[in-house]
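The values are calculated or read from the model by the stated rules, or taken from the named source; none is laboratory data. This structure is a prediction, so every number in the text was calculated from the model and none was measured. Don't worry about glycine lacking a Cβ; one is built from the backbone with ideal geometry, like all the others, and counts go over all protein chains shown. Heads up: the accessible areas ignore ligands, DNA and RNA and are worked out on the full protein's heavy atoms, side chains in. Shrake-Rupley method; radii C 1.70, N 1.55, O 1.52, S 1.80 Å.
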Amino acid sequence: MTTDETAALDALERLGLSNYEAKVFIALQTLGTGTARDVYRVSEIPRSQVYGAAESLAERGLIEVQHSTPMQYRPVSLAEAEELLEERFERERTQAFDYLAEVRERHDPGPEEREDIWSVNGVDHVSDRIEHLIRTAEERVVFGAGAPRLARESLREALREAAERGVEVVIVSEDAEVRALFEDAPVAVHAPPEVLRNVRTARMLVVDDRAVLLSVRGDGEDQEAAFWSESSGFATVLVELLTGWLETAVVE
């Protein structure tokens, strides 16, 4: 089996087909039309399994069956198959997330029961969390990064969008290259006060008066460990400390 065929097989399985169903479907793309014996010859699926997989594919609307002797199978058009699989995926996605939303609503703990601090690891995952928090901002965002690679394009775009909807956006970095990334953006840019400078610090984020994220560098380029908190007593105290230091630096 080629690398491309293995990738296609894996993709079809992720879309909901069993291993045998995916193999039969791929075999029929090669054959155009074929019997169970033909499918067995090109796919090495046990003949006893071809019939069950083909029957399941027919029930899904992905292949057509000619009730001759022996039975013939042929796939529907690729466009039709793609549409059917997309519809199935969307139905199952909606069903799963509707249920999860219902469970969360039923069991959502009160503020006093929530954990104050959460952690996230890896540069991309930390970036995802930062972008999500920025999109929830209503009044103010303060973002700091220790290197240009920690301010990816989608993150900079989230900051620009926040500024354009009226949120005050402040960028803080001792790295001149980072500050240069925001030269044309409608944001304020500052070097950090001495108290916030640390060679291990990677990123900092403050959103309104309710959320804060701080991260440190790892040993590798993609390694970063962050903790964040939102709508908690811990977040409130840390936000007050950080914004106090920053405001002092700006005044100076």
Subject >> Restricting segment 61-111 to residues that are in contact (Cβ under 8 Å) with a residue 40 or more places away in the chain and farther than 18 Å from A11 by Cα, the residue that is least open to solvent (accessible area, probe 1.4 Å) >> reply: Y73
Subject >> Tabulated pairs, segment 123-141, first under 18 Å from F227 (Cβ atoms), second exposed (fewer than 13 other Cβ atoms within 10 Å of the Cβ), C-beta under 6 angstrom, 6+ apart or interchain >> reply: V123/D222
Subject >> Count of segment 20-41 residues which are more than 19 Å from L78 (Cα to Cα) and either surrounded by fewer than 15 Cβ atoms within 10 Å (Cβ to Cβ) or within 37 Å of the chain's Cα centre (by Cα) (or both) >> reply: 2
Subject >> In segment 128-178, the residues that are open to solvent by 40 Å² or more (accessible area, probe 1.4 Å) and among the polar types (S, T, N, Q) >> reply: T136, S154
Subject >> Count - residues of segment 48-80 that are under 18 Å from S18 (Cβ atoms), in a helix (DSSP H, G or I) and not charged (D, E, K, R) >> reply: 10
Subject >> Sole exception among (1) open to solvent by less than 30 Å² (accessible area, probe 1.4 Å); (2) assigned to a helix (DSSP H, G or I); (3) farther than 16 Å from A81 by Cβ for I45, by number >> reply: (2)
**OP:** Can you run down the residue pairs with Cβ atoms below 9 Å, 6 or more apart or on separate chains, where the first is in segment 211-236 and farther than 14 Å from D116 by Cα and the partner is surrounded by 15 or more Cβ atoms within 10 Å (Cβ to Cβ) and acidic (D, E)?
**Re:** S215/E224; V216/E224; R217/E224; G218/E224
